Amino acid sequence: MSPNTKQSEKKIKIITRYVSTVYGCNLQCYVDFSYLIVIIDLTKSISLVIIFSYLVLPVFGGVFMKICDKPQFVAETNRKMCDCPVFLRKRIAIFLLPVIVIVFASCEKSVSPLSGVSFSDSVKIREFPFKKISHKRPLIELTEQEKEFIWNFASLPTHHEELGLSYILHYLKVYAEKPEQYQKETEYLLSVIQKEDVGKNVLGTPVFFTSKFGISIVSGKTKRSQETHRDQGMAELGLLGIPSSFEVEISEKIYPLSDAIRECAANFYLEEKELAWSAIVLALYLPPIQEWTNRFGEKCSFDALAIELMKQRFEENSCAGAHLLESLTLIYEISLECPILSFEVQNQLKKYLHDILTTVIHEQNIAGYWELDWFVKIPDYGQPFQNPHVWTPSVDSESRLLATCHLVEWMLDLPEEFDVPNETLKKAGMWMLNHLKTKKYGENTPICPYAHVVRDLELLGM
């Protein structure tokens with residue numbers, strides 16, 4: 001790979017990260033790097049025209065009027081240029097690049113990748129993902145009335161307008177604990193994802209779209225069919241055990257889910273935002289493959305992925321960093337069955353999880369909950385919340401519920417060798433139950449975290 005190519009890739013990765021952060025979209029599903037290079041060159045030219053038109057000409061207008069034979073004509077032209085408000089000129093300059101990128105990103109282009117860089121279609125995708133095991137720990141005695149009350153918080157809304165892809169994924173996750181009882185609801189929710197006409201009817205637009213290397217779900221928060229976090233949809237489907245042969249309808253054509261997995265592997269790179277979700281997809285569907293090459297020509301491996309995840313900051317990941325722990329635990333658990341990690345990295349990951357668990361147990365409040373910033377007491381963690389773009393920790397009961405239900409869920413997923421104390425889980429479960437009893441379903445009870453609470457109490461109840 002030439003130095004110019006590497007330099008171009010570095011610049012474009014910065015652009016794609018900026019655009020995905022500001023606009024909440026998964027740019028790489030649609031635009032090839034070589035196409036963005038053309039956009040950059042075009043943007044440079046347009047920027048020069050704007051600077052010359054709105055900045056240079058007005059400054060030298062007086063000089064032009066003196067040396068020109070038609071000073072009044074030049075003066076009128078200069079006046080019109082100066083009439084453009086300063087704030088508008090600044091906004092044009094600031095937003096020109098991302099707007100152009102977004103316009104091109106909205107069009108699905110089929111263009112060649114950078115010279116010498118390609119993603120191999122020979123990557124073998126597993127038919128069935130590895131099964132994630134959540135251990136049932138019957139520690140809390142629940143009456144039938146309490147069980148019915150708890151599950152009311154997982155009731156489907158009666159109106160389509162209240163559903164979004166994030167809601168659907170959460171409902172599917174909690175219904176998986178009672179597959180026979182919620183079979184009808186599960187089939188309906190999967191059809192919204194699977195069938196184009198049902199997706200349009202329920203969410204306004206279908207969930208999946210065709211992209212350069214297969215099919216993909218668009219990330220963002222502007223449409224109900226978009227996933228909140230990149231690769232969240234595929235991660236949750238994999239955790240549900242959905243096979244790679246699962247058929248998805250797009251424009252009256254049928255595509256296997258393996259096309260979306262291949263898209264994830266092709267677009268993967270270690271610097272991407274919220275790496276945990278992509279890690280879950282790859283860990284579920286790629287093993288026994290230990291390494292692969294992405295569309296940028298970079299060698300990727302589960303060793304490098306695990307090491308990078310262990311470096312991640314909890315405050316820069318969603319749900320108090322719980323999904324970061326979820327992805328690392330999954331990789332470790334799979335490595336026990338399939339050698340996707342080297343012996344050294346596997347031991348490093350095991351120690352990391354043990355150390356985090358020790359901190360989690362120590363930081364539990366006597367009442368049973370955790371604060372959102374529970375991780376600040378991790379040894380050698382450093383100064384948290386240095387990034388101004390991350391969330392700010394709060395100390396209200398809803399924030400504590402968000403942290404508590406996710407951490408309990410993670411501890412229930414840990415292999416038995418980690419020996420999570422029963423007392424830790426029981427105190428947390430009782431606190432969540434008591435918090436739930438102060439609520440009424442539908443009144444400020446968003447699906448996240450309340451679906452997680454329902455699932456936790458189902459696993460902890462007896």
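Results, tabulated for the structure shown:
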{"read-out": "Nearest-20 debye value, the stretch 144-460 charge dipole, Cβ charges on Lys, Arg, Asp, Glu", "value": "560"}
{"read-out": "Of Lys136/Lys223; Lys173/Lys351; Lys124/Lys377; Lys147/Lys223, those spanning more than 31 Å from alpha-carbon to alpha-carbon", "value": "Lys136/Lys223; Lys124/Lys377; Lys147/Lys223"}
{"read-out": "Amide H within-cut-off set for Ser211, under 5 Å, with H built and near neighbours excluded", "value": "Ser216"}
{"read-out": "Which of Gly297, Met310, Leu425, positive extreme of dipole for the stretch 144-460 (C-beta unit charges)", "value": "Gly297"}
{"read-out": "Chain lengthening between Lys253 and Lys377 when straightened (0.36 nm per residue, less Cα-Cα)", "value": "39.5 nm"}
{"read-out": "Förster-model FRET efficiency, 22 Å R0, Phe343 and Glu417, C-beta, rounded to 0.05", "value": "0.85"}
{"read-out": "Separation of the Phe209 and Lys311 label points, Cα + 7 Å toward Cβ, nm", "value": "3.2"}
{"read-out": "Pairwise label distance in nanometres, Thr143 with Glu180, each label 7 Å out on the Cα-Cβ vector", "value": "2.6"}
{"read-out": "Net length gained if the chain between Lys124 and His159 were fully extended (0.36 nm per residue, minus Cα distance)", "value": "8.5 nm"}
{"read-out": "More than 35 Å apart - percent of Cα-Cα pairs taken over the stretch 144-460", "value": "20"}
{"read-out": "Potential extension, Lys273-Thr293 segment - 0.36 nm per residue separation minus Cα distance", "value": "5.3 nm"}
{"read-out": "Relative contact order [Cα under 8 Å, 6+ residues apart], the stretch 144-460, whole percent", "value": "16"}
{"read-out": "The stretch 447-462 - phi-based ³J(HN,Hα) in whole Hz, Karplus 6.51/-1.76/1.60, Gly and Pro as x", "value": "4, 10, x, 5, 5, 5, 5, 4, 5, 4, 5, 5, 6, 8, x, 8"}
{"read-out": "Loop GluC sites (Glu not before Pro), the stretch 133-173 (other Cβ atoms within 10 Å of the site Cβ: 16 or fewer; DSSP)", "value": "Glu141"}
{"read-out": "Counted charge near Gln346, where neighbours are those whose Cβ lies closer than 13 Å (Asp, Glu -1; Lys, Arg +1)", "value": "-3"}
{"read-out": "Cα centroid separation, the stretch 179-238 to the stretch 285-346 (Å)", "value": "25"}
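Values in this text are rule-based calculations from the coordinates and carry no lab data. Just so you know, these numbers come straight off a predicted model, no measurement behind them. Neighbour counts are summed over all protein chains in view; Cβ atoms, including those assigned to glycine, are modelled from backbone coordinates with ideal geometry.
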